[in-house]
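Reviewing the structure listed below.
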Amino acid sequence: MISYIPVKASVRLPGKHVMELCGKPMIEIIISKLIQLGDVIVKSRIDLPMPYEKDDSASIMHLVSDLSRKNQPFMLVAGDMPFFTIEDAKYLVSKFTGKTTVPVHEDGKMEPLFAIYSGRIEPGKSIHSMISGTGFDAVDAGGFSEFAFFNVNSESEYARAVEICKQLTG
């Protein structure tokens, strides 16, 4: 399965995608896991010190819609979500039945940036409304590893991520 990693400039934590975490740039951690499933393409709005495709889309909603016209199905994984495991990714793939497949928490919160998209998806008011319009398959988010959906968006989250690295490797 082809995987896309969207990257955009961060206002709260500039340069976060290339910040070192667990001894590697965060984006490289994500790539090293997804490459085990197949091709990986980084779609970036910013310059990165690695191969990437320029992302000219107006938003994540437009990126998903644009990608849905080219490659079906495809996995989308946030460029700031370094702690999912390859087992998490394989679990998501195992739940894929041909429809858009998204982890959903007990409270209904979706994880649209760790999902498999299938079929043509039109832009909407939000990524959640776009997914809801697809007749998607919900996967229980409780079946994933403890830190699978942890995002690094701020200095305090980066500090927590450093601690998680120590916990996972210690």
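Taken together, the values in this text are just the output of simple stated rules run on the coordinates, not laboratory data. A quick note: this is a predicted structure, and the numbers were derived from the prediction, not measured. So basically every Cβ, Gly included, is an ideal-geometry build from the backbone, and we count neighbours across all protein chains shown.
Each residue of region 130-146 in order: what ³J(HN,Hα) in whole Hz does its phi give by Karplus 6.51 cos²θ - 1.76 cosθ + 1.60, θ = phi - 60°, with x for Gly and Pro?
Computed from phi, the couplings for region 130-146 are 4, 5, 4, x, 9, x, 5, 9, 8, 10, 4, 4, x, x, 9, 5, 3 Hz.
Can you compute the charge dipole magnitude of region 2-169 about its Cα centre, using +1 on each Lys and Arg Cβ and -1 on each Asp and Glu Cβ, nothing else charged? Give it in debye, rounded to the nearest 20. The partial results should precede the final answer.
Working: 18 positive and 21 negative charges, 73 e Å.
Value, rounded to 20: 340 debye.
Taking amide hydrogens as modeled 1.01 Å from N in the peptide plane, which residues meet the under 5 Å criterion relative to Asn153, leaving out close sequence neighbours?
Residues meeting the criterion, in which the H sits 1.01 Å from N, are Tyr158.
Can you give the local net charge around Glu122? Use residues other than it whose beta-carbon is closer than 12 angstrom to its beta-carbon, Lys and Arg +1, Asp and Glu -1.
On the way: positive: Arg69, Arg120, Lys125; negative: Asp66.
Once positives and negatives cancel, what remains is +2.
Which FRET efficiency value, to the nearest 0.05, is calculated for Asn153 and Thr97 with the Förster distance at 45 angstrom and r the Cβ-Cβ distance? Write out the running numbers ahead of the final one.
On the way: r = 32 Å, r/R0 = 0.71.
According to the calculation, E is roughly 0.90.
7 Å from Cα along Cα→Cβ at both Val162 and Thr85: what's the point-to-point distance in nm?
Going by the 7 Å Cα→Cβ label model, 2.6 nm.
Please go through the residue pairs Lys8/Lys109; Lys16/Lys166; Lys70/Lys99; Lys54/Lys109 and name each one whose alpha carbons sit more than 27 Å apart in this structure.
Numbers: Lys8/Lys109 23 Å; Lys16/Lys166 18 Å; Lys70/Lys99 16 Å; Lys54/Lys109 30 Å.
Result: Lys54/Lys109 exceed 27 Å.
Percentage of Cα-Cα pair distances in region 19-170 greater than 26 Å, rounded to whole percent?
On the way: 2833 of 11476 pairs.
Percent of Cα pairs beyond 26 Å in region 19-170: 25.
Just for region 64-170, what percent of DSSP beta bridges are antiparallel, to the closest 5? Show your work: numbers first, answer last.
Numbers: 6 of 10 bridges.
So the antiparallel bridges amount to about 60 percent of the total.
Mind computing the radius of gyration and Dmax over the alpha-carbon atoms of region 10-53? Å is fine for both.
10.9, 32
Give the long-range amide H neighbours of Val40: residues separated by 5 or more places, or on another chain, with amide H under 5 Å away, using H modelled in the peptide plane at 1.01 Å from N.
Amide H neighbours of Val40, under 5 Å, 5+ apart: Ser3.
Please list the helices of the chain that count as membrane-span-like by this rule: a mean Kyte-Doolittle hydropathy of at least -0.5 together with Cα atoms stretching 18 Å or more along the helix axis, each helix being a complete DSSP H run. Mind showing how you got there, number by number?
Details: long enough: 155-169 (21 Å, -0.44).
Helices meeting the span and hydropathy rule in the chain are 155-169.
If R₀ is 25 angstrom, what is the calculated FRET efficiency for the pair Glu53 and Arg120, using the beta carbon separation as r and rounding to 0.05?
Step by step, r from the Cβ atoms, then E = 0.80.
Taking 7 Å along the Cα-to-C-beta vector as the label spot, tell me the His62-Asp39 distance in nanometres, rounded to one decimal.
In this crude label model, His62 to Asp39 measures out at 2.4 nm.
In whole Å, how far is the Cα centre of region 130-170 from that of region 1-70?
Value for the Cα centre distance between the two parts: 16 Å.
Pull up all non-local amide H partners of Leu21: gap of 5 or more, or a different chain, and H-to-H distance under 5 Å with H placed in the peptide plane.
Close amide H contacts, sequence-distant or interchain: Met26.
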